[in-house]
Ligand code: CA
């Protein structure tokens, strides 16, 4: 026992965890082509964005591990969801007074050496997630290189490809600070061997103009050709602003919703990612029933975010986390989900693909228009007849807007759920198992009254801690 404590105190705890996890057989359980994206690593089990959490997500067999990327004052790329540090670290305690006028502590104002002095904290301390005491477990903000080195190492020892799903956060904000985050990220990816569409990587961003720049200029210059994902926001400017007539305006994504818009987008990206509340309303009706089939007909994948098992995060039309997965994978027809609970999602797909009865109660699900396919689509699958937008082959291509627009937010799913979550226990490690955020705040499990969402900040604020 003393020996064990000694090892743990000498920072070997991480390797103990890793060793334990790596001794477990890992299996790739999928239902067809459906994938699980570990949202901010295994964030539902062990805080977000740190190396042990990455190891855990890998051990659970996740198809892809997500990295949100921002830059430091000294041009290092770190894995951090928000451009600011206060939500997930003790920065206010270690560096009092280093905040900007909006009260936030921007990573762009700190060197990597300073950020490495900070300790991570569980951002949802009362949600029933990891019991972070803040005493002895000192997890730190990883660099992108550290995370890639860990993943490449695990690929070797576990003899498997591990997918990564990095997100370039707010390039417009970095540009205002004189930093080119996209070039910095691409150079690191190239250094670690991610150069072609054959590599298991999706590179995601909310900024369509930046993705076009990456596709048309940056990747050709670096002899790279990666699969890109266009993330779609709800026009509130939380994620993307564009310079219009000398002013930073909220980006309007409405042009992407039509098939002509998707066709224009398909010249640049391999898929789209969007909040699940943009695909189904709170009654479970499909909001854009043609979107998924349109995207598939253009060879694009559709990934949705963010899937959580806490009952407060379940939309009212499902009775469990598994029912939610069933609905989006096999009714809406998405190809992948970003989830804090990668282990549970992998177990769900494993059971689904093995033919076992899905651990969900379907009878309470409302009837849905049979527009979305029931089974995984291949890009070559025939396009379902457009429901609202008949078009001809000669349809003009829609280009991205060039003028600022007003905000038109889609309906949001209420956080309350009339039924308790009934998800299974966390996927047993001994069994094979393989996102702005969501605007859905997590609440303490029993009380459901104490929202721990970030306080709203004005739209005019340069950055808003919206959880993606
Ligand atoms: Ca993200």
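Look at residue 294 and say whether it is in contact with a strand residue (DSSP E or B) (Cβ under 7 Å, 6 or more places away or on another chain) and either farther than 23 Å from residue 42 by Cβ or more than 16 Å from the ligand (Cβ to nearest atom) (or both).
Details: in contact with a strand residue (DSSP E or B) (Cβ under 7 Å, 6 or more places away or on another chain): no; either farther than 23 Å from residue 42 by Cβ or more than 16 Å from the ligand (Cβ to nearest atom) (or both): yes.
Judged against the criteria, residue 294 is not a match.
I'm checking my understanding of the structure. Among residues of the range 235-256 that are farther than 18 Å from residue 173 by Cβ and touching a helix residue (DSSP H, G or I) at 6+ places or on another chain (Cβ under 7 Å), which one is surrounded by the fewest Cβ atoms within 10 Å (Cβ to Cβ)?
Ranking the qualifying residues of the range 235-256, first place goes to 255.
Quickly run through the range 284-308 and pick out the residues that are in a loop (DSSP other than H, G, I, E, B) and at pLDDT 95 or above.
284, 285, 298, 299, 300, 308
Counting only residues that are out of contact with any helix residue (DSSP H, G or I) (no Cβ under 8 Å at 6 or more places or on another chain) and either within 17 Å of residue 267 (Cβ to Cβ) or within 16 Å of the ligand (Cβ to nearest atom) (or both), how many does the range 193-213 have?
7
Considering only the range 231-239, I want to know if a residue exists there that is within 16 Å of the ligand (Cβ to nearest atom), closer than 22 Å to residue 180 by Cα and assigned to a strand (DSSP E or B).
The answer is yes, given that some residue of the range 231-239 is within 16 Å of the ligand (Cβ to nearest atom), closer than 22 Å to residue 180 by Cα and assigned to a strand (DSSP E or B).
Taking the range 245-269, which residues are closer than 22 Å to residue 167 by Cα and part of a loop (DSSP other than H, G, I, E, B)?
251, 252, 253, 257, 267, 268, 269
Need the failing condition index for residue 312 against (1) in a helix (DSSP H, G or I); (2) modelled with pLDDT under 95; (3) buried (at least 22 other Cβ atoms within 10 Å of the Cβ), just the number.
Exception for residue 312: condition (3).
Within the range 214-224, identify whether any single residue is touching a strand residue (DSSP E or B) at 6+ places or on another chain (Cβ under 6 Å), over 23 Å from residue 176 (Cβ atoms), away from the ligand (no atom under 14 Å from the Cβ) and outside any helix (DSSP H, G or I), and answer yes or no.
The answer is no; no qualifying residue exists.
Name the pairs whose Cβ atoms lie under 7 Å apart, with the first residue in the range 331-346 and within 16 Å of residue 45 (Cβ to Cβ), the second within 16 Å of the ligand (Cβ to nearest atom) and at pLDDT below 95, and 6 or more positions between them or separate chains?
From the range 331-346, the pairs are 338/435.
Tell me whether the range 172-191 contains one or more residues that are within 15 Å of residue 76 (Cβ to Cβ), touching a strand residue (DSSP E or B) at 6+ places or on another chain (Cβ under 6 Å) and either assigned to a loop (DSSP other than H, G, I, E, B) or modelled with pLDDT under 95 (or both).
Yes, there is a match, as at least one residue in the range 172-191 is within 15 Å of residue 76 (Cβ to Cβ), touching a strand residue (DSSP E or B) at 6+ places or on another chain (Cβ under 6 Å) and either assigned to a loop (DSSP other than H, G, I, E, B) or modelled with pLDDT under 95 (or both).
The values are calculated or read from the model by the stated rules, or taken from the named source; none is laboratory data. Given the structure is predicted, the values throughout are model-derived calculations rather than measurements. Cβ: placed from backbone, ideal geometry, glycine included. Neighbour counts: every protein chain shown.
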